Amino acid sequence: DGSNYIEADNYRGVRGDTARTIEAWIKTTTADKEIVSWGSDVGTRKYVFRLDGSGKLRVESNGGNVVGTTVLNDGQWHHVAAVLTGNNLQSMVFYVDGVLDLKSGLSNQTLNTGNAFKVRVSRGVNNRYWSGQIEEVRIWSDALTQSEIEDWMYRELNATHTSYSNLELYYPFNEG
């Protein structure tokens, strides 16, 4: 609703420059809001997955960012994923509804994500509270492949997932 968020009890996200994947289902009509974030609010130490001011996916780390091309604040459900395969933002790829989303902007930055902030869903380190819906938040300490994302985006996770041992956090948000 634009003023609430979830904060993990003790989990502080994938740290350092480790490969990672963040997935979620989102639905919104607003822009410039945060989906998932963690880290320290200083150069290279923050990791923020959000929509930018034009409604496109954006991952940022103080001093750098990468932006997708698909506008997602259309009031429809979308599965979004950010996959880091290397140690900098240039190696970031986005998937929207299982399809590769090309980059429309890049200010490269090496990542060294810190641990000051616990993982937050909806609020982030910059207080850009999400306004809309978020489901099936998944954080992996692995770079998932496009086929893994496509095969599992419509399914609840279980131990048969090929990367299940790398699952760091899973919030299905299906309690209500």
| task | Mind listing whichever residues of the stretch 85-105 are under 16 Å from residue 60 (Cβ atoms) and touching a helix residue (DSSP H, G or I) at 6+ places or on another chain (Cβ under 6 Å)? | result | none
| Close pairs from the stretch 165-176: first under 11 Å from residue 14 (Cβ atoms), partner modelled with pLDDT under 90 and open to solvent by less than 80 Å² (accessible area, probe 1.4 Å), Cβ under 6 Å, at least 6 apart | 169/11
| request: Confirm whether residue 171 is surrounded by 16 or more Cβ atoms within 10 Å (Cβ to Cβ), at pLDDT below 95 and over 23 Å from residue 62 (Cα atoms). | output: yes
| message | Checking residue 34 against (1) in contact with a Leu (Cβ under 7 Å, 6 or more places away or on another chain); (2) surrounded by 18 or more Cβ atoms within 10 Å (Cβ to Cβ); (3) of a type in the set (D, E, K, R), only one condition comes out false. Which one? | response | (1)
| request: Please verify whether the stretch 48-58 includes one or more residues that are closer than 16 Å to residue 94 by Cβ and polar (S, T, N, Q). | output: yes
| note | Every listed condition ((1) touching a Ser or Thr at 6+ places or on another chain (Cβ under 9 Å); (2) small (Gly, Ala, Ser); (3) modelled with pLDDT of 90 or more) holds for residue 165 save (1)
| said: Go through (1) open to solvent by 50 Å² or more (accessible area, probe 1.4 Å); (2) closer than 18 Å to residue 26 by Cβ; (3) not in a loop (DSSP other than H, G, I, E, B) for residue 165 and report which single condition fails. | reply: (2)
| said: For the stretch 18-40, give me each residue that is of a type in the set (S, T, N, Q) and under 12 Å from residue 137 (Cβ atoms). | reply: 21, 37
| field | Within the stretch 1-31, considering residues that are modelled with pLDDT of 95 or more, part of a strand (DSSP E or B) and open to solvent by 10 Å² or more (accessible area, probe 1.4 Å), the one nearest to residue 94 (Cα to Cα) | value | 25
| All strands (runs of 3 or more DSSP E) inside the stretch 58-161 with 2 or more residues being of a type in the set (A, V, I, L, M) and buried (at least 17 other Cβ atoms within 10 Å of the Cβ) | 64-71, 78-84, 92-96, 117-121, 133-140
| request: Pull up the stretch 37-57, narrow it to residues that are within 22 Å of residue 171 (Cβ to Cβ) and modelled with pLDDT of 90 or more, then point me to the one that is surrounded by the most Cβ atoms within 10 Å (Cβ to Cβ). | output: 57
| field | Enumeration of residues in the stretch 58-78 that are modelled with pLDDT under 95 and on the phi > 0 side of the Ramachandran plot | value | 63
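The values are calculated or read from the model by the stated rules, or taken from the named source; none is laboratory data. Please read these numbers as outputs of a predicted model, since none were measured by experiment. For neighbour counting, all protein chains shown are included, and Cβ atoms are generated from backbone atoms with ideal geometry for every residue, glycine included. Areas reflect the complete protein model, heavy atoms only, side chains present, ligands, DNA and RNA absent. Shrake-Rupley method; radii C 1.70, N 1.55, O 1.52, S 1.80 Å.
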